[in-house]
Amino acid sequence: MKQLTDKDIADMGGVEFVPDGRNVNSVRRELHLSKRIPKDTYAPEHIVLDFHNHTEEEAWQMIMNAAQSGAKTATVITGASGILKIKFQNWVRDSLFSPYVVQCTPLNNGSFAVKFKKQIS
């Protein structure tokens, strides 16, 4: 990639390029780039949960954390057979997890697309 020279920049703008002389740190302060977003205010749009090699209790904790995270959707991979596929379907229908779910749709024999209700803070 070509490094732009002052002449290249001037040709693009049609005027002479004059740097403003500010240092990088002052620009970062003006743009508030040093401020971090607190973790509890950030919610991912989509979460992928894979229950393979997890216990029932771990899977329950994973799905409840996802529901309470503020995420809009999740792909839940239960596997085609086994207790977690059956348990997950029961959790969606009738458990403390069900009030968080707007829609749960099978993607294939061992995965589900889940749409969560919007969390009101």
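Numerical summary
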item	result
Residues of the range 105-121 classified as hydrophobic (A, V, I, L, M, F, W, C) and surrounded by fewer than 18 Cβ atoms within 10 Å (Cβ to Cβ), total	3
Total residues in the range 83-121, condition assigned to a helix (DSSP H, G or I), under 21 Å from residue 55 (Cα atoms) and in contact (Cβ under 8 Å) with a residue 24 or more places away in the chain	6
Residue list for the range 45-78, restricted to those being on the phi > 0 side of the Ramachandran plot and either aliphatic (A, V, I, L, M) or touching a Lys or Arg at 6+ places or on another chain (Cβ under 6 Å) (or both)	none
Out of 71, 67, sole residue that is within 20 Å of the chain's Cα centre (by Cα), in a helix (DSSP H, G or I) and modelled with pLDDT under 95	67
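Residues are listed down the side, and each one gets a yes or a no for (1) touching a strand residue (DSSP E or B) at 6+ places or on another chain (Cβ under 7 Å); (2) assigned to a helix (DSSP H, G or I); (3) surrounded by 12 or more Cβ atoms within 10 Å (Cβ to Cβ); (4) modelled with pLDDT of 65 or more:
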{"residue": "3", "(1), (2), (3), (4)": "no, no, no, yes"}
{"residue": "26", "(1), (2), (3), (4)": "no, yes, no, yes"}
{"residue": "33", "(1), (2), (3), (4)": "no, no, no, no"}
{"residue": "48", "(1), (2), (3), (4)": "yes, no, yes, yes"}
{"residue": "81", "(1), (2), (3), (4)": "no, no, no, yes"}
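The values are calculated or read from the model by the stated rules, or taken from the named source; none is laboratory data. Nothing here was measured: the structure is a model prediction, and the numbers come from that model. Neighbour counts run over all protein chains shown; Cβ positions are idealised from the backbone, glycine included.
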